[in-house]
Amino acid sequence: MARRWGILGILGAVALSLALAGCTVQGADGESGSGTNMPADPTQTLQVGDGGTSLCADSAGGGERTFGTPITNTGDSALTLTGTVVDTTMNATLIGTAVLPADGDDAVNTTWSADYPPVLGDDLPEWSTHVPVAGYVLDPGSSAWVAWVIGLDDESTAGSIGGLRVTYRDGDADLTSDVAVVQFGIAPAHDCGF
């Protein structure tokens, strides 16, 4: 009898440890937290970035930069974007966001940075095509970029924003995407400290 309780006890302890393991998210940096360094959740119908990107831009051209993250509707119905969320800021302000619709020739698969207003290369649509995030409809299987315009509060030192996500409506459900980008930063000589 004692042996049977021993096996059941071990099985119970394993089950309990597995259940408790689901309560804490382990980030890529080894710290427990909200999971901002975790890859995108494949069950989300709106895939935004890759969830693990940090990008630092040089502030030599001024304290305002534009960063872009790809978004893709992997679901079967149209999604309506409703806004954006930033979890943290350090010496930086999110000035605004916009969607850059992709035309049929664009490969929407890269995170980028550019001056503001951006002069975008051949691989990206013209800035003049940007539209507000709120109300933008992303059809099933289609992609676009969300552009994040960031300004430094003090141009003599580094600044960053982190935990960027997109809010959207899927049918009757109001949802928030996984973290699109861990951190965007602007600093003299690309010295963001991350």
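The values are calculated or read from the model by the stated rules, or taken from the named source; none is laboratory data. Just so it is clear, the model here is predicted, and its values are computed rather than measured. All Cβ positions, glycine included, derive from the backbone under ideal geometry; neighbour counts span all protein chains shown.
If we only count strands (runs of 3 or more DSSP E) wholly inside the range 87-194, which ones have 1 or more residues that are of a type outside the set (S, T, N, Q) and in contact with a helix residue (DSSP H, G or I) (Cβ under 9 Å, 6 or more places away or on another chain)? Steps first, answer last, please.
On the way: elements: 88-90, 92-101, 112-115, 143-152, 159-170, 173-176, 181-187.
Here the list reads 92-101, 112-115, 143-152, 159-170, 181-187.
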Residue list for the range 58-90, restricted to those being farther than 16 Å from THR157 by Cβ and among the hydrophobic types (A, V, I, L, M, F, W, C): PHE67, ILE71, ALA78, LEU79, LEU81, VAL85, VAL86
Condition met for ASP76 (in a loop (DSSP other than H, G, I, E, B), at pLDDT 70 or above, out of contact with any Phe, Trp or Tyr (no Cβ under 7 Å at 6 or more places or on another chain) and not polar (S, T, N, Q)): yes
